[in-house]
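Rule-based calculations on the coordinates, nothing more; no lab input. For clarity, every value in this text was computed on a predicted model and none was experimentally measured. Cβ: placed from backbone, ideal geometry, glycine included. Neighbour counts: every protein chain shown.
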Amino acid sequence: MIDETDRIILSLLQEDSRITNSQLAQLAGLSASSCWRRIKSLEEIGLIKGYTATLDRTIAGFGFAAIIHVGLSRQSENSVAEFCRAIEERPEILDCYATTGDSDYHLRVVARDIADYNDFLDNFLFKLKGVAHVRSNIILKDIKSGLQLPLNQ
């Protein structure tokens with residue numbers, strides 16, 4: 001699907017999405033127009049989903065974070081779709097994964113503090129139809145948090 005040149009471009013973009021096309025082309029050994037066409041192609045096929053800045057959550061005012069394990073009481077198509085729609089609408093939910101095991105979903109959530117988190121639980125998560133159980137693991141310290149895929153492995 002992608003060749004070595006695409007891997008170089010993607011790795012460089014993952015390191016610094018603000019790199020200029022000219023700099024990127026030079027580092028990838030391409031002309032600027034050829035590099036631009038490759039990037040556009042990677043965007044069109046959906047491999048590049050977007051460009052973003054990575055923020056420090058504590059400096060941004062989100063000093064509290066948790067992993068929440070959620071079990072649903074029923075797995076009907078409608079109840080799952082309703083749950084997913086509600087989750088997608090909440091900006092404090094950074095990630096949501098459907099998983100195997102004891103819980104159906106795992107959420108990574110940020111909040112300003114414990115009171116803000118408690119409000120999120122009481123006034124949103126506990127009120128969702130079909131939620132059977134919720135278990136929280138409080139994040140004490142961020143050890144590794146990344147978005148870069150290991151393309152060179």
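Adding -39500 (n - 2.57) for every DSSP H run of four residues or longer, then dividing by how many residues the chain holds, sets the calculated 222 nm ellipticity at -11000 deg cm²/dmol. Computed from the alpha carbon positions, the gyration tensor of segment 4-44 leads to an equivalent ellipsoid with semi-axes of 12, 12, 10 Å, biggest first. Put in order of Cβ neighbour count within 10 Å, fewest first, the listed residues 43, 4 become 4, 43.
Between the helical axis of 32-44 and the longest alpha-carbon principal axis of the chain there is an angle of about 30 degrees. Taking the chain as a Gaussian network of alpha-carbon nodes connected by springs under 10 Å, the highest mean-square fluctuation of the residues 39, 138, 67 belongs to 39.
Taking the longest Cα principal axis of the chain as reference, the axis of helix 77-88 is set at about 70 degrees. Run a plain Debye calculation on segment 9-79 (Cα atoms as equal point scatterers, no solvent) and give log10 I(q)/I(0) at q = 0.11, 0.15, 0.21, 0.25 Å⁻¹, rounded to two decimals, same order as the q list. Debye output, listed in q order: -0.52, -0.70, -0.89, -1.09. For helix 114-123, report the angle its Cα long axis makes with the longest principal axis of the Cα atoms of the chain; keep it between 0 and 90° and round to the nearest 10°. It works out to around 70 degrees.
Obtain the radius of gyration and the Kirkwood radius of segment 64-138 from its C-alpha atoms and give Rg over Rh. Radius of gyration relative to Kirkwood radius: 0.93. Inter-label distance, residue 2 to residue 102: 3.6 nm, where each label sits 7 Å from its Cα along the C-beta direction. Pairwise Cα separations in the chain fall into 10 Å bins from 0 onward with the following percentages, short to long: 9, 31, 23, 23, 12, 2.
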